[in-house]
Each structure stands twice: as C-alpha cells, then as structure tokens.
Amino acid sequence: MQAIKWNGQRLELLDQLQLPNQIEWVKCESVEDVAEAIEKMKVRGAPAIGATAAFGVSIGARAGQELQKSDFLSYIDGVCDRLARTRPTAVNLFWAIQRMRNLISQNTDLDVPELVDLIQREAQNIAYEDVEINKSIGRNGLPLIPHNARILTHCNTGSLATVDYGTALGVIRASHASGRQVSVYADETRPYLQGARLTAFELQQDQIPVTVITDSMAGHLMKEEQIDLVIVGADRITANGDTANKIGTYSLAVLAKHHGIPFYVAAPISTLDFALASGDQIEIEQRSPDEVAIIAGKRIVPEGVPALHPAFDVTPHDLITAIITEKGVILSPDTERMAILRKKG
Ligand code: MRU
C-alpha cells in the first residue's frame, strides 16, 4: 500500500485523517497544498513527510519554471523555507529539503528548465530510495525478532509513515514474511490514534495478527509477560542515540527497562541528527490542546479546563537496546557507537 502517489505533475496523498473509515485521496497541486497537508497531518510519519516535502519542492520548481535564473533561485529558496515551517520535530523533513537545496546550489550553472527536471528527478529518487532503505532496515532487524514474538509497537511506522513498507513495521513485516509467526500489540496512540487507526489497518491488510490496546495497558501486559519486545520508529535521533518519537514512547521504554524487555528503535540514517549532541536539544512540536480535549467532534474535557499536547517525547539512549538502520544495528547506543553510523551514512 502506498500513501504517496506522484505522476510527474501532481502529488496525491492518501488522507490519513480519514483512515480507516474512508479511503480519500487529496490532490496537491501547489506548494501551499503540500505544506497544508503536512501541517494538518493528512500525511504524517517522519520519512513520509520528508518525501512529501521533496515533491513539494518539485511542484514549486515546475510552477516557477518561467522565471529568470536569479529570480528562480530566490523563489525556490522561499519554497523550501515554507515547507520547512510545517512541522518541527521529525528531522527527515529538513534532511529532504536540505538535499534539494544542496542539489540546486551544486547546479546553478544549469538553465532553469534543466534545474526543474533535476529537482523533479531528485524528489523521485528520495521516494524510491526510501522503500529500499526500509526493506534493508527490515532485513537488519530480523535477527532480533524471535519466533512467535509478541511485539508491542507505538504510533504508525508502516507504509503510511514512509513511502512504503515502513521502519519498525518494516521489521515486523520482514519477520512475518520469514515465517516467524509474530503477533502485534498496537498502542492506540492518543490523541491522534495512529496505532488504532493506521497500524491496525495496515497489519490487518497484510494479515499480520494485531490487537489494539490503549496506551495505559502496556505496563499491565508487560507485567503479565504478554510482551517479548517493543519496537518503535523515530522522528529524530541525536548524536548520543537519544530518540524523539511519538508521545508515549518514553513511557514504554521506561516500562520495558523495568520488566527486562528489549526496546528497539528502527529508523533510516536520514533520521539521525548529528548536529545535536543530545535529545534535550530537540524541539518538541506542541499541537493544539483541542486535539486532546475533543474526540470525533465531541468535547471530553470540561470547558475551561486546559489540556496539553506535546506531540513527541525523547527516550534517553540508555533505555534503548538497539537502533536498527539500513546501515546496520547499533547495540546499546551511545555517542561512540553512534559515530560508527555517522561514518557509514
Ligand atoms: O505525528 P506523527 O504521526 O507524524 O508521528 C509519527 C511518529 O512518531 C512515527 O513513529 C515516526 O515518525 C516514525 S515513522 C516511520
């Protein structure tokens, strides 16, 4: 299942706000359409928003193809700035935009139509590469998944969160395909319910056994020895291995440590941010408290009582058993071990 379709001119996104009840595709014909789709989380998940932003730059480039070169270059700079203002935490967004900026600055000798073609090809490359990268993450994670493993995951890290296949869900897919007979507990992942709506939907389509639990049930299941391992994705991993991921991930890592259960993070190298020494420096997106206070149009919190909505949290590296990437697995990540990935990246 792919949630991002590109026909060379137009981007179509499977509207993740409507899933699982409706399959609705959103057409993005302008940079603003793309930026809004990311802001409103019609498309979400770190690698998916990176690829979408790259297509946004491509759409912007096409729209500016009649401009003189110097005007085109400053205009496309503005396009990149707009797309970079959509969401702050997942570094893949900035990684993809920077990759487009680098390509442009290395090719300023080309004329504008050639640059536009080059930009379009680069966006497509980012999308193609993402799928291959996820499959490698799946293969690399496989040795960590025992036969019959009962796996807890959080948020959605599958085809919907990437261009296809997924990161943590990619490892689960690879395990299933290898005949390991795994089963999955999907945290519902309040308040956006990516686990209940999206992970359950994807796994059901692939006929991988899945049971949805509320976020607060994880500790009980661990205590009852119902969970063999936890695997999650990541939105940004800093130089020491600290990992920002969907709010609730940190609590799972603490619980897993307490119960002696392995806690794995699966992510592409594009999620690594070596510019930040530790997770304290990661900007945590604060979304509208209404997303917590209102469910399906109905207010569940008394009027006048405030709600909070930090959309991500940071799991310290010492709670992480291993980070699984397309370039290999780093056990007990810390600054020294993460540097190995930096060299490979
Ligand atoms: O707010 P979201 O839905 O964009 O958050 C997504 C997550 O936190 C995912 O776990 C993360 O991006 C990894 S996706 C492969």
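Overview of values
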quantity	calculated
Positive-pole candidate from GLY179, ILE59, GLN286, dipole of the chain, charges at beta carbon	GLY179
Local electrostatic count, PRO333, Cβ distance below 10 Å [Lys/Arg +1, Asp/Glu -1]	-3
Check: the range 4-135 dipole with +1 on Lys, Arg Cβ and -1 on Asp, Glu Cβ, in debye	420
Cα-centre dipole for the chain with unit charges at Cβ (Lys and Arg positive, Asp and Glu negative), debye to 20	680
Gyration tensor (alpha-carbon) shape descriptor, the range 139-344, a/c threshold 1.5	oblate
Overall form of the range 67-107 per C-alpha gyration tensor (a/c, 1.5; a/b vs b/c)	oblate
Highest to lowest packing among 99-109, 163-173, scored as the average C-beta count within 10 Å	163-173, 99-109
Unit charges at the beta carbon, dipole of the chain: most positive-side option, ALA84, ILE145, ALA218	ILE145
Local electrostatic count, THR321, Cβ distance below 13 Å [Lys/Arg +1, Asp/Glu -1]	-1
For the chain, calculated [θ]222 nm from helices alone, where every DSSP H run of n ≥ 4 adds -39500 (n - 2.57)	-12000 deg cm²/dmol
Relative packing of 218-228, 187-197, which averages over residues the other C-beta atoms within 10 Å, highest first	187-197, 218-228
Accessible area in square angstrom per residue, the range 139-344, 1.4 angstrom probe	42
The chain: Lys pairs at Cα distance under 13 angstrom, eight or more positions apart or on different chains	6
Pairwise FRET efficiency - ASN7 versus SER288, Cβ, R0 = 30 Å, nearest 0.05	0.35
Peptide ranges 25-35, 263-273 listed from the most packed, as the mean C-beta count within 10 angstrom indicates	263-273, 25-35
Accessible-area composition of the chain, carbon plus sulfur, in percent [1.4 Å probe]	49
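The values are calculated or read from the model by the stated rules, or taken from the named source; none is laboratory data. Since this is a predicted model, take the numbers as computed values, not measurements. Cβ: placed from backbone, ideal geometry, glycine included. Neighbour counts: every protein chain shown. For the accessible areas, the whole protein counts, side chains as well, though only heavy atoms, and no ligand, DNA or RNA atoms are used. Shrake-Rupley method; radii C 1.70, N 1.55, O 1.52, S 1.80 Å.
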